[in-house]
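Colleague: This structure is in structure tokens; I'll ask about it shortly.
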Amino acid sequence: MSKLFPIKSTIDSRRSVRSYKMIPVDDEIIESIKDFAKSMPVPFDHNVEFRFFNADPTKTLYTVMKSPPNNVAFIAETDAVSISKVGFTGEFLILFAQSKGISTCWYGHYKLSELERLMPHLQSTDQLKESNMGYGYSKGETTGRRAICISPLGYYEDRGLRLMDRITKTTSSFKRKEIKELLENSDDYDKLSDDILYALDLGRKAPSAANSQMWRFAFEDNFKTITISMPVGYKHFKWEHPNVDIGICACHVWLGLIDKGYNPAVTVNEDSGRAVWKISILRQRLAI
Ligand SMILES: Cc1cc2nc3c(=O)[nH]c(=O)nc-3n(C[C@H](O)[C@H](O)[C@H](O)COP(=O)(O)O)c2cc1C
């Protein structure tokens, strides 16, 4: 798996990019990303569809920035586990794209009617009304499948940086909580092996909506199983679907353990309205 792309350097170099050159991604690269989406090697079943679509060079879809030609939508059911799997698999795709030199940005707030125009995917007009004043998918669990998040796929345009992007760049990107602050029980820190700490370090670098970093880590099986979830009752005033972000973080932790030579078992279940991921290296030895 670590042969797919260098894990740590890819995670370290990814940033949300909000300024793109208005040119299409090279054919060979976009085909490799599509192939990856078709046969993504994740250790659990999922129903997430990655739909690639083209957008016009206007600000209609993302509202604050012009869409580059290539984009991808992550489509799934809307229960906690399904949207969390969007996070895990979507981030895997985003990191693969990053390793090919393609910039991305998770978007939870985009103009849903414009997405539907560019990429018809909804099963009823009611689904359009469920968005938050037209932006993204905003209700909790509802019927049918729909785009949960979208991302541009393109080449970073350096000169196009707007003031807002510069502010976001200095205030949000790069800033992450320390591992200790993310442990449900901070006393656990001293009991963690170097390999687990390595995986949690990649986990804490995951992107999250408004950089909220709502994930918390706990342990089972004598610190050989990591659980990742948001605190019970967690709510964010602007972002309605933090279970997506939890899946993104779980993907980073899983990749961190793969990078250390493990083949972790991965499960996700719903508990108190939250997706709870368990990533375990209990039943294995390091590959030599
Ligand atoms: C699930 C999710 C949804 C997001 N939605 C938006 C969005 O609607 N608009 C936006 O500008 N950025 C959005 N972001 C990007 C975050 O602001 C960004 O990931 C965070 O500030 C950390 O910065 P970094 O990705 O550069 O490390 C989203 C990120 C995630 C993970």
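The values are calculated or read from the model by the stated rules, or taken from the named source; none is laboratory data. The structure displayed is predicted, hence computed values, not measured ones. A quick note on method: Cβ atoms are made from the backbone with ideal geometry, for glycine too, and the neighbour counts reach across all protein chains shown. Surface accessibility is based on the protein's heavy atoms, side chains included, excluding ligands, DNA and RNA. Shrake-Rupley method; radii C 1.70, N 1.55, O 1.52, S 1.80 Å.
Colleague: Which value, in Å², gives the accessible area per residue of the chain when a 1.4 Å probe is used on the protein heavy atoms?
Modeller: 46 Å²
Colleague: Please compute the modelled spin-label separation between PHE174 and GLN123, points set 7 Å along Cα→Cβ, answer in nm with one decimal.
Modeller: 4.6 nm
Colleague: How much of PHE174 can a 1.4 Å solvent probe reach, expressed as accessible area in Å² and rounded to 10?
Modeller: Here the residue's solvent-accessible area equals roughly 120 Å².
Colleague: Calculate, for LYS191 and GLU28, the FRET efficiency according to 1/(1 + (r/R0)^6) with r their C-beta to C-beta distance and R0 41 Å; round to the nearest 0.05.
Modeller: That gives a FRET efficiency of 0.30.
Colleague: Using the scaling law 2.2 N^0.38 Å as the reference, what is the normalised Cα Rg of the stretch 1-93? Please list the in-between numbers first.
Modeller: Values: Rg = 14.6 Å, N = 93, 2.2 N^0.38 = 12.3 Å.
So the Cα radius of gyration is 1.18 times the expected 2.2 N^0.38 Å.
Colleague: Any chance you could look up the accessible area of HIS109 with a 1.4 Å probe, heavy atoms only, rounded to 10 Å²?
Modeller: Solvent-accessible area, nearest 10 Å²: 70 Å².
Colleague: Also: In debye, nearest 20: dipole of the stretch 7-170 around its Cα centre with unit charges on the Cβ of K, R (+) and D, E (-)?
Modeller: 600 debye
Colleague: Out of residues 5 or more away from VAL48 or on other chains, whose amide H comes under 5 Å of its own, with H placed 1.01 Å from N in the peptide plane?
Modeller: Long-range HN contacts for VAL48: none found.
Colleague: Taking a threshold of 31 Å on the Cα-Cα distance, which of the pairs LYS175/LYS238; LYS3/LYS177; LYS8/LYS278; LYS59/LYS205; LYS129/LYS180; LYS111/LYS235 fall above it?
Modeller: Pairs exceeding 31 Å: LYS129/LYS180.
Colleague: What number results when the radius of gyration of the stretch 7-170, computed over Cα atoms, is divided by 2.2 N^0.38 Å? Walk me through the numbers on the way to the answer.
Modeller: Numbers: Rg = 15.4 Å, N = 164, 2.2 N^0.38 = 15.3 Å.
With N residues counted in the stretch 7-170, Rg over 2.2 N^0.38 Å equals 1.01.
Colleague: Continuing with this model, one more query. Counting helices only, and only those DSSP H runs with n ≥ 4, report the 222 nm mean residue ellipticity of the chain as the sum of -39,500 (n - 2.57) divided by its residues, in deg cm²/dmol to the nearest 500.
Modeller: That calculation yields -9500 deg cm²/dmol at 222 nm.
Colleague: Put one equal scatterer on each alpha carbon of the chain, apply the Debye formula with no solvent term, and list log10 I(q)/I(0) at q = 0.07, 0.10, 0.13, 0.14 1/Å to two decimals.
Modeller: Each listed q corresponds, in turn, to -0.24, -0.50, -0.87, -1.01.
Colleague: I need the trypsin sites (Lys or Arg not before Pro) found in the stretch 229-288, filtered to DSSP loop residues with at most 10 other beta carbons within 10 Å of theirs.
Modeller: Here the trypsin sites (Lys or Arg not before Pro) that fit, given the DSSP loop and packing criteria, are LYS235, LYS238, ARG283, ARG285.
Colleague: Something else: How long is the gain from ASN54 to ALA265 if the chain were fully straight, where each residue apart is worth 0.36 nm and the alpha carbon distance is subtracted? Could you put the intermediate results ahead of the total?
Modeller: Values: separation 211, 0.36 × 211 = 75.96 nm, distance 3.62 nm.
Length difference between fully extended and current span is 72.3 nm.
Colleague: May I ask you to give the percent of accessible area on the chain that is carbon plus sulfur, with a probe radius of 1.4 Å?
Modeller: The nonpolar share, carbon plus sulfur, comes to 50 percent.
Colleague: Which whole-Hz ³J(HN,Hα) couplings does the stretch 100-111 yield from phi under the Karplus relation 6.51 cos²θ - 1.76 cosθ + 1.60, θ = phi - 60°, glycine and proline marked x?
Modeller: Ordered by residue, 3J(HN,Hα) equals 9, x, 9, 8, 8, 7, 4, 10, x, 10, 9, 6 Hz.
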